[in-house]
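Only one structure is covered here, and it is reproduced in the block below.
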Amino acid sequence: MNGTAAGVGAAFALACDFRVMSKESALLYAFINIGLGPDGGASWLLSRQVGYSKALEIATGGKRVLGEECFKLGLTNKLVESNEIVDVAKSWAIELSKKPTIGIGITKQDMIFSLNNDLLSTIEFEAKEQVAAFYSEDLKEGVTAFLEKRKANFKGK
């Protein structure tokens with residue numbers, strides 16, 4: 001994010017798995033300023049990321065939440081200077097692209113499942129997801145690379 005993401009734009013930003021934000025940027029839940037409530041999933045997204053009370057404060061306040069506060073609240077993963085935003089985002093994307101895509105997909109599914117389920121159900125879900133990874137070439141490569149003390153070269157298979 002490089003600038004102010006307002007209204008549904010703020011909701012879209014929070015719908016992203018990861019966010020890089022410049023220090024000069026902000027989120028603005030401006031619906032209240034024109035007599036509306038949140039839209040575009042904003043209430044669902046915001047309350048799950050900062051909790052009910054803080055989400056209600058932000059949504060009813062109608063004020064910009066500046067980059068530093070967004071970082072403290074966990075609304076952005078990285079806070080950088082505006083001239084660094086593209087380089088930092090690209091670097092992070094490259095780093096993620098070297099990870100096992102099957103493992104990333106499983107991890108994301110596990111995290112989403114855990115949001116609406118209890119601990120025991122989540123443990124059972126994770127176990128089922130792990131079984132799928134056992135047969136992947138990426139797991140074999142990861143274990144081999146670990147034993148050979150080298151970086152893994154994952155293929156997404």
- Tyr52 among the aromatic types (Phe, Trp, Tyr), out of contact with any Gly (no Cβ under 8 Å at 6 or more places or on another chain) and outside the structural domain of Gly142 (by TED's automatic domain parsing): yes
- From Val86, Val143, grab the single residue that is among the β-branched types (Val, Ile, Thr) and farther than 30 Å from Val20 by Cα. Val143
- Item | Of all residues in the stretch 16-51 being loosely packed, with under 13 Cβ neighbours inside 10 Å and of a type in the set (A, V, I, L, M, F, W, C), the one that is nearest to Ser91 (Cα to Cα) | Phe18
- Residue satisfying condition, being touching a strand residue (DSSP E or B) at 6+ places or on another chain (Cβ under 6 Å), within 30 Å of Lys151 (Cβ to Cβ) and buried (at least 17 other Cβ atoms within 10 Å of the Cβ), within set Ile85, Ile102, Ile106: Ile85
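Listed residues Asp110, Asp138; which is in contact with a Pro (Cβ under 7 Å, 6 or more places away or on another chain), more than 30 Å from Gly3 (Cβ to Cβ) and free of Cβ contacts under 8 Å to residues at least 40 places away in the same chain?
Asp138
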- Looking only at residues in the stretch 113-135 that are in contact (Cβ under 8 Å) with a residue 24 or more places away in the chain and over 20 Å from the mean Cα position of the chain (by Cα), which one is nearest to Trp44 (Cα to Cα)? Gln130
- Item | Which numbered condition Val80 fails, given (1) touching a Lys or Arg at 6+ places or on another chain (Cβ under 9 Å); (2) surrounded by 14 or more Cβ atoms within 10 Å (Cβ to Cβ); (3) farther than 30 Å from Phe12 by Cβ | (3)
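The values are calculated or read from the model by the stated rules, or taken from the named source; none is laboratory data. Because the structure is predicted, anything quoted here is derived from the model rather than measured. Don't worry about glycine lacking a Cβ; one is built from the backbone with ideal geometry, like all the others, and counts go over all protein chains shown.
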